[in-house]
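The values are calculated or read from the model by the stated rules, or taken from the named source; none is laboratory data. Please read these numbers as outputs of a predicted model, since none were measured by experiment. We place every Cβ from the backbone using ideal geometry, glycine too, and count neighbours over all the protein chains shown.
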Ligand code: A2P
């Protein structure tokens with residue numbers, strides 16, 4: 001390795017890629033072995049990427065696996081002209097990615113005050129941090145009812161989420177922990193499916209309340225939101241309208257938000 005590359009890689013971890021799955025022509029997931037000593041809190045993100053022209057090209061990616069897992073899982077969008085994802089989508093088993101091993105983020109239990117119901121609202125690849133949260137035992141210790149929602153344009157974009165929940169239910173240890181606490185609501189907006197519409201509309205017109213046992217209640221409900229900027233703003237306004245305040249790592253609150261990765 002030449003000295004320039006060596007210098008660029010200082011402080012970075014090199015991770016070997018496995019289990020690459022292309023879910024749609026716009027999304028894929030892959031795993032990496034967790035480097036020794038790398039710890040994170042479920043729901044956090046890290047900077048990952050590839051070496052391009054001797055320099056690391058990094059983007060923020062939510063870690064989709066839970067903090068206890070030996071593997072790190074990532075769920076990514078493919079953007080045709082995206083500087084990173086146009087390259088990352090061609091990863092092959094055994095290739096290496098780089099990661100800055102400093103996880104951060106607000107979609108973590110530490111940023112929420114205790115409650116009874118936990119709503120995890122996502123669109124598209126915004127489901128990634130919640131794939132981590134819903135496989136973390138702490139979630140089921142802290143909450144009685146967890147509602148994971150994902151809204152996508154097309155039906156096949158929901159496959160990753162359906163597979164994730166099926167894997168949880170099929171896992172002996174996790175399924176015991178999860179019991180009947182986890183509810184999954186998957187909706188589409190541009191293709192016919194059993195459940196249609198944006199979740200923001202479901203909140204406003206009472207469909208979410210009907211499906212989950214009651215409207216958002218600031219006394220007992222906690223919310224995490226991950227998606228596009230427009231989606232975050234709309235959900236945030238709905239939370240605030242319901243009397244909730246935004247939390248952070250230093251000052252926990254009733255809801256937290258984070259932008260899903262875009263490239
Ligand atoms: P829609 O098809 O009605 O725009 P995108 O790919 O544009 O990020 O959208 C992913 C999903 O998020 C789509 O189903 C889209 O619905 C939905 N969406 C887009 N903007 C919002 C918003 N402001 N609030 C809630 N859902 C949204």
- Query: Which strands (runs of 3 or more DSSP E) sit wholly inside segment 29-79 and have at least 1 residues that are under 13 Å from residue 102 (Cβ atoms)?
  - Reply: 45-52, 55-62
- Task: Please go through segment 187-207 and pick out each residue that is in a helix (DSSP H, G or I) and within 12 Å of the ligand (Cβ to nearest atom).
- Result: 199, 200, 201, 202, 203, 204
- By residue number, the members of segment 165-177 that are surrounded by 13 or more Cβ atoms within 10 Å (Cβ to Cβ) and without any contact (Cβ under 8 Å) to a residue 40 or more places away in the chain are 165, 167, 168, 171, 174, 175
- Message: Among the listed residues 243, 214, identify the single one that is under 20 Å from residue 187 (Cβ atoms) and assigned to a loop (DSSP other than H, G, I, E, B).
- Response: 214
- Of residues in segment 144-163 being part of a helix (DSSP H, G or I), touching a helix residue (DSSP H, G or I) at 6+ places or on another chain (Cβ under 8 Å) and touching a residue at least 60 places away in the same chain (Cβ under 8 Å), the one farthest from residue 195 (Cα to Cα): 160
- Considering segment 158-167 alone, what residues qualify as being more than 11 Å from the ligand (Cβ to nearest atom) and more than 18 Å from residue 74 (Cβ to Cβ)? 162, 165, 166
- Taking segment 212-243 on its own, how many of its residues are surrounded by fewer than 20 Cβ atoms within 10 Å (Cβ to Cβ) and away from the ligand (no atom under 16 Å from the Cβ)? 9
- Query: Looking at segment 2-9, is at least one residue modelled with pLDDT of 95 or more and surrounded by 14 or more Cβ atoms within 10 Å (Cβ to Cβ)?
  - Reply: no
- Task: Starting from residues that are within 17 Å of residue 63 (Cα to Cα) and out of contact with any strand residue (DSSP E or B) (no Cβ under 8 Å at 6 or more places or on another chain), keep the ones in segment 131-157 and report whichever is farthest from the ligand (Cβ to nearest atom).
- Result: 137
- When (1) at pLDDT below 95; (2) within 16 Å of the ligand (Cβ to nearest atom) are applied to residue 173, the one that fails is (2)
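Yes/no per residue for (1) outside the structural domain of residue 130 (by TED's automatic domain parsing); (2) within 19 Å of residue 258 (Cβ to Cβ); (3) surrounded by fewer than 16 Cβ atoms within 10 Å (Cβ to Cβ):
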| site | (1), (2), (3) |
| --- | --- |
| 14 | yes, no, yes |
| 19 | yes, no, yes |
| 22 | yes, no, yes |
| 45 | yes, yes, no |
| 59 | yes, yes, no |
| 63 | yes, yes, no |
| 75 | yes, yes, no |
| 88 | yes, no, no |
| 92 | yes, no, yes |
- The one condition residue 99 fails out of (1) touching a residue at least 12 places away in the same chain (Cβ under 8 Å); (2) more than 16 Å from residue 31 (Cα to Cα) is (2)
- When you go through 255, 261 one by one, which is the residue that is more than 18 Å from residue 125 (Cα to Cα), in contact with a helix residue (DSSP H, G or I) (Cβ under 7 Å, 6 or more places away or on another chain) and within 16 Å of the ligand (Cβ to nearest atom)? 255
